[in-house]
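Each reported figure results from applying straightforward, stated rules to the coordinates on display, with no laboratory input. Computed from a predicted model, the values in this text were never measured in an experiment. Note: ideal-geometry Cβ built from the backbone for every residue, glycine included; neighbour counts use all protein chains shown.
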Amino acid sequence: MEGLERLVRVAKLAPQDLELRLILARALLENSRTDEAIDQVRYVIAMSPNNLEARKLLELALELLLLRPS
């Protein structure tokens, strides 16, 4: 978990680094922090609407969100 928090801090220092945001989103998903992952991916899509990797990751995150117990 410490590595994830470090990644969150680094991403805040480099907000325009879209690849870093996608790496962070994947790490957040792996740690069941789906809402935060979706926020990261949506930011990437807003900055780069044709980013296919981000769109696929958003689809995965939304599926996980739907499967999450309420």
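Just to compare against my own numbers: the Cα pair-distance distribution for the chain, 5 Å bins, whole % per bin, please.
Spelled out per bin, shortest first, that is 3, 20, 30, 23, 16, 7, 1.
Identify, among GLN40, VAL8, LEU28, the residue whose Cα sits farthest towards the positive end of the charge dipole of region 6-70, taking +1 on the Cβ of Lys and Arg and -1 on the Cβ of Asp and Glu, with the dipole about the Cα centre.
Projecting each Cα onto the dipole axis, the largest value belongs to VAL8.
Report, in debye and to the nearest 20, how large the dipole of the chain comes out about its Cα centre when Lys and Arg carry +1 and Asp and Glu carry -1 on their Cβ.
80
Label SER32 and GLU19 with points 7 Å out from Cα along Cα→Cβ: what is the distance between them in nm?
In this crude spin-label approximation the distance works out to 3.2 nm.
Taking 0.36 nm per residue of sequence separation and subtracting the Cα-Cα distance, how much length would be gained by fully extending the chain between ARG6 and LEU66, in nm to one decimal?
Full extension from ARG6 to LEU66 adds 18.8 nm.
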